[in-house]
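Working notes for the structure below.
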Number of protein chains: 2
Amino acid sequence: MTKVPTSHPRYKSLLLRERLTDGLRAGIAGEAGLLAHGRGEAFDYLLGERTHDFAMESIRMASALLVTANHPVISVNGSTASVAGPEIVELLRALDRLVAEVNIFYYSPERSRRIKQHLKDLGATRLILESNSSDSVQLPDIEHARKHMHPNGLAQADVALVGLEDGDRCERLVASGRRVIAIDLNPLSRTAKTSHVTIVDEVSRALIELTACVRQDLAAAPAALAERIDRYDNADILNRAVAAIRNAF
Amino acid sequence: MTKVPTSHPRYKSLLLRERLTDGLRAGIAGEAGLLAHGRGEAFDYLLGERTHDFAMESIRMASALLVTANHPVISVNGSTASVAGPEIVELLRALDRLVAEVNIFYYSPERSRRIKQHLKDLGATRLILESNSSDSVQLPDIEHARKHMHPNGLAQADVALVGLEDGDRCERLVASGRRVIAIDLNPLSRTAKTSHVTIVDEVSRALIELTACVRQDLAAAPAALAERIDRYDNADILNRAVAAIRNAF
């Protein structure tokens, strides 16, 4: 529970830190997640800790892809579950067909189960899958535990939403023919450059906007969504994100 | 002890992480230190993980100040002790008059003592002071434990070397009339902008160069050191560091 006063000028950033350190203590997030979060904080600080127009454009694209997908899946790791747990649950509420799948680098059955339970404690009512099942399908050329895909989850996915991703896994997901949406604060990362849609924004902030967008798009005309998907240019988004960070200096 | 193979392309960066997570487990570093280290990693990544010419210029200035100081003190916190313990000990070996003082944000007597012991385990033979003594002198306008100065350490210091600093403490140290040398990877931070000398470099890398410089300068002509001190322009250093980071994009 939060101990940061809401009046603090950096309230939101400190709240996210607290969610993550709570996650570390609960055995959900790992130490590497704290280091990665710190790296993300640096980029978010350079972005002025706000959702830019280029991020909103990626979010609208992500929404169109998720709403029109046959089998959309959100891949959840320990850091994302800690930092953006309530926002993930809210997105699951907004989009019935979206499947949540726990997929983690430092795998243990307990940690995977705890992440699942954390989402349930936050109000997720849907079945939540775990990648490391005995009948998992494996992405090629990945040594670590993140290669696993649940046969009813990522293995079937046509659209995968991933936050705080490993570059190699992102590449393999893209190579496998799936449409990949990544949320990544570093527009220069391998994940950012490889994904079809890169949302350069802090993950909890981006998910709130994405959920609002999805709620609207569920009532949108299919032709309008198809046109939005056609028009989208991820290279342009990344260029604009890089320009925004340059402007911080 | 390290488990990272020396052949790994990011060996040095991973070694520092390992030192820090070892420090966390040993009760020396804190969780906030991991987050801060991650932020630093982002800036170091943008700097190409190398010591730039502007950092070398600050290091030479720092060396001249330390060598000519009456009472130079290095302030050591849990993160610096974890990440750069061996390099701090080497600097203490090079400069006899340099006093090391443990000064931490999340103070407990045990943690302060453990940091001291860590430096001794790494080979420090000198007396190491702790800021939080019963007879400490306090910097004004700081609420947290870092306000304390040991009466024979920072309280007497004419030159203070601080790594991974809090902006408010740095400001108070400067306001107190001391010459402050900070090691900070973010050239936009309050610490970077406030200090007399800002070494924009990773702390363990900077300390290795600083120690080499100090060994040379102990034999240098006083007039040459005085001239170097006169010529130094920290605003120019910060501008060049900002330009180097801009070039990463």
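Listing for the model above:
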quantity: Residue-averaged beta-carbon neighbours from other chains (10 angstrom radius) around B:176-189; calculated: 1
quantity: Copy-to-copy label separations for residue B:235, where each label sits 7 Å from Cα toward Cβ, in nm and ascending; calculated: 4.2
quantity: Percent of alpha-carbon pairs separated by more than 20 Å within the range B:53-246; calculated: 51
quantity: Chain A: calculated mean residue ellipticity at 222 nm from DSSP helix runs of at least 4, using -39500 (n - 2.57); calculated: -16500 deg cm²/dmol
quantity: Kirkwood Rh, angstrom, the range A:130-232 [1 / mean 1/r, Cα pairs]; calculated: 14.9
quantity: Lys, Arg +1 and Asp, Glu -1 on Cβ, resulting dipole of the range B:53-246 about Cα centre, debye, nearest 20; calculated: 260
quantity: Closest-to-axis residue of chain B (Cβ criterion, axis taking B to A), whole Å; calculated: B:38, 1
quantity: DSSP bridge pairs, the protein assembly as shown: antiparallel proportion in percent, nearest 5; calculated: 10
quantity: Candidates per trypsin sites (Lys or Arg not before Pro) in the range A:28-109, loop by DSSP, up to 16 other Cβ within 10 Å; calculated: A:50, A:97
quantity: The protein assembly as shown - Debye-derived log10 I(q)/I(0), Cα point model, q = 0.13 Å⁻¹; calculated: -1.19
quantity: Calculated FRET efficiency for the pair residue B:220/residue B:105, C-beta based, R₀ 41 Å, to 0.05; calculated: 0.70
quantity: All Cα pairs of the range B:14-132, percent lying beyond 23 Å; calculated: 35
quantity: Charge dipole of chain A about the Cα centre (unit charges at C-beta), most positive-ward option of A:51, A:218, A:117; calculated: A:117
quantity: Test item: B:28-38 mean partner chain Cβ contacts at 10 Å; calculated: 5
quantity: Cα gyration tensor shape for the range A:32-79, rounded if a/c is under 1.5, else prolate or oblate; calculated: oblate
quantity: Of B:12/B:147; A:120/A:147; B:120/B:147; B:116/B:147, pairs whose Cα-Cα distance is over 27 Å; calculated: B:12/B:147
quantity: For the range B:105-164 versus the range B:211-249, the gap between their alpha-carbon centres in whole angstrom; calculated: 27
quantity: Between the range A:1-51 and the range B:32-76, the Cα center-to-center distance that results, in Å; calculated: 25
quantity: For the range B:103-186, convex hull volume per residue from C-alpha positions, Å³; calculated: 108
quantity: Whole-number D in µm²/s for the range B:82-137 (Stokes-Einstein; Kirkwood sum over Cα pairs; 25 °C, 0.890 mPa s); calculated: 208
quantity: Cβ-vector label at 7 Å, residue A:222, separations to other copies in nm; calculated: 8.8
quantity: Inter-chain shielding of B:43-52 (mean C-beta neighbours from other protein chains, 10 Å cut-off); calculated: 2
quantity: Simple spin-label estimate for residue B:120 and residue B:233 in nanometres, 7 Å along Cα-Cβ; calculated: 4.8
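No value in this document is a laboratory result; all are computed from the given coordinates. Just so we're clear, the structure is a prediction, and the values are computed from it rather than from any experiment. Cβ: placed from backbone, ideal geometry, glycine included. Neighbour counts: every protein chain shown.
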